[in-house]
Amino acid sequence: MLADKRILLIIGGGIAAYKSLELIRLLRKAGAAVTPVLTKAGAEFVTPLSVSALAGEKVYTQLFDLTDEAEMGHIQLSRLADLLVVAPATADLMAKMAQGRADDLASTLLLATDTPVLVAPAMNVRMWQHPATQRNIKALQGDGVRFIGPDEGEMACGEYGPGRMAEPAAILDAIQRALTAGPLVGKHVLVTSGPTHEPIDPVRYIANRSSGAQGTAIAAALRDLGARVTFVTGPATVPPPQGVQVVRVETARAMLAAVEAALPADAAVMAAAVADWRVAEESQSKIKKVAGAALPVLSFAENPDILKTVAQSLTHRPRLVVGFAAETDDVLAHAQAKLARKGCDWIVANDVSPETGIMGGAENAVTLISAAGSEAWPRLPKDEVARRLAQRIAAALG
Ligand code: CTP
């Protein structure tokens, strides 16, 4: 699978460095050659001996190592690789990359290269969430650096949240994707997915039956064609795909804010089932059942229309804006009206009447509507609908 490929693997200083040993094993099993580079901090967690033994190659550690320079200059070292992988990437190493600093071998290689770079971050959840780290990530993404992970879960430091390094098998998949030149390489696509939850009080909310399955499949299909995907998801029942930037939100208003923060994008696919209305005044304390009192009455306020806002943006409209229309009757007529009303380029319309089993199911039967007309696709697995749509998007973005 990776025969004839050379990966330059930079192992940063984090407890997750032990997983990089497994990554080296998987890479070699897949046929890749691995040039390992160990940072000073990385060497506190794994030994140069175990790294070079698994890689079957010399491990590089020092910027000013005369023997290494005589054998191979650090500039050539990075250019000989097909891909540079940083795993684990610490907050500090990412900050250096974002600033273009070069004060050790790893950061110098990263600055000296014109080879694609894949980063697998690993750090404490607070460090990951810190605005400085998030700023650096945005800067690196803008430079074309790809990310895999981090995962969410229990951390070595005892805290819980995003920050765990992606598993070696997931990093291997991301490496394979990065080395397969897809038609969407260099493109940024924004996908919304899942339902929104609109709070009534601190314990109750209004939701809908969207599972997020179709949006998740679309994000994965776009990723597989090489796109950088920002995946803004409400509380869905299916987990988000690997290898995309996941932004979790609950309400329609939070989804709009996340979407606006993720722009600019080359294309936007709005697959989320956004609640049209929210409870006008969310109660700050739990609404109590009082014997003999009148039943509570909820009044509603209109939520922002995210698709319309993006499609009609004068400054940040993606070149291609795709909306969805989930209807229960007059599917085509409603969807065509929606295309005009929202100002998007395409509408993916589907019939979500309960008897179709589409909402929450594994299949979908959609009609793709654009100014050019409408095209009914056969009933297909949601993954296949996603693949076809991603191909269409790639063709449209040319
Ligand atoms: N959408 C959105 N923001 C909203 C409502 C909908 O971005 N507040 C998007 C959905 O993600 C979808 C499309 O708009 O891509 C269609 O959503 P839908 O709720 O079906 O359309 P509505 O405009 O609400 O029309 P109606 O309620 O009449 O069906």
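Structure above, values below:
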quantity: Any hit, segment 310-332, residues being in contact with a helix residue (DSSP H, G or I) (Cβ under 7 Å, 6 or more places away or on another chain), polar (S, T, N, Q) and under 30 Å from residue 393 (Cα atoms); calculated: no
quantity: Residue in segment 282-302 that is of a type in the set (Gly, Ala, Ser), within 14 Å of the ligand (Cβ to nearest atom), modelled with pLDDT of 95 or more and over 22 Å from residue 221 (Cβ atoms) present; calculated: yes
quantity: Wholly enclosed strands (runs of 3 or more DSSP E) of segment 307-398 bearing at least 2 residues away from the ligand (no atom under 12 Å from the Cβ); calculated: 366-370, 373-376
quantity: Cβ-Cβ under 9 Å pairs, at least 6 apart or on other chains, segment 333-346 side outside the structural domain of residue 270 (by TED's automatic domain parsing), far side open to solvent by 30 Å² or more (accessible area, probe 1.4 Å) and within 9 Å of the ligand (Cβ to nearest atom); calculated: none
quantity: Number of positions in segment 14-34 that are in contact with a Phe, Trp or Tyr (Cβ under 7 Å, 6 or more places away or on another chain) and modelled with pLDDT of 95 or more; calculated: 2
quantity: Residues of segment 246-270 satisfying the condition of being farther than 27 Å from residue 121 by Cα and open to solvent by less than 20 Å² (accessible area, probe 1.4 Å); calculated: 252, 270
quantity: First in segment 25-49 and open to solvent by less than 20 Å² (accessible area, probe 1.4 Å), second anywhere and assigned to a loop (DSSP other than H, G, I, E, B) and polar (S, T, N, Q), Cβ under 8 Å, 6 or more apart; calculated: 37/61; 38/61; 39/61
quantity: Residue in segment 117-140 that is surrounded by fewer than 17 Cβ atoms within 10 Å (Cβ to Cβ) and touching a residue at least 60 places away in the same chain (Cβ under 8 Å) present; calculated: no
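Listed here are the residues, each with its yes/no results for (1) within 16 Å of the ligand (Cβ to nearest atom); (2) modelled with pLDDT of 90 or more; (3) not in a loop (DSSP other than H, G, I, E, B).
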site: 158; (1), (2), (3): no, no, no
site: 171; (1), (2), (3): no, yes, yes
site: 174; (1), (2), (3): no, yes, yes
site: 183; (1), (2), (3): no, yes, no
site: 192; (1), (2), (3): yes, yes, yes
site: 203; (1), (2), (3): no, yes, no
site: 211; (1), (2), (3): yes, yes, no
site: 220; (1), (2), (3): no, yes, yes
site: 231; (1), (2), (3): yes, yes, yes
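The values are calculated or read from the model by the stated rules, or taken from the named source; none is laboratory data. Every value quoted in this text rests on a predicted model; they were computed, and no experiment measured them. Here Cβ is always computed from backbone atoms with ideal geometry, including for glycine, and neighbour counts include all displayed protein chains. Remember, those area values only see protein heavy atoms, side chains included, never the ligands or the DNA or RNA. Shrake-Rupley method; radii C 1.70, N 1.55, O 1.52, S 1.80 Å.
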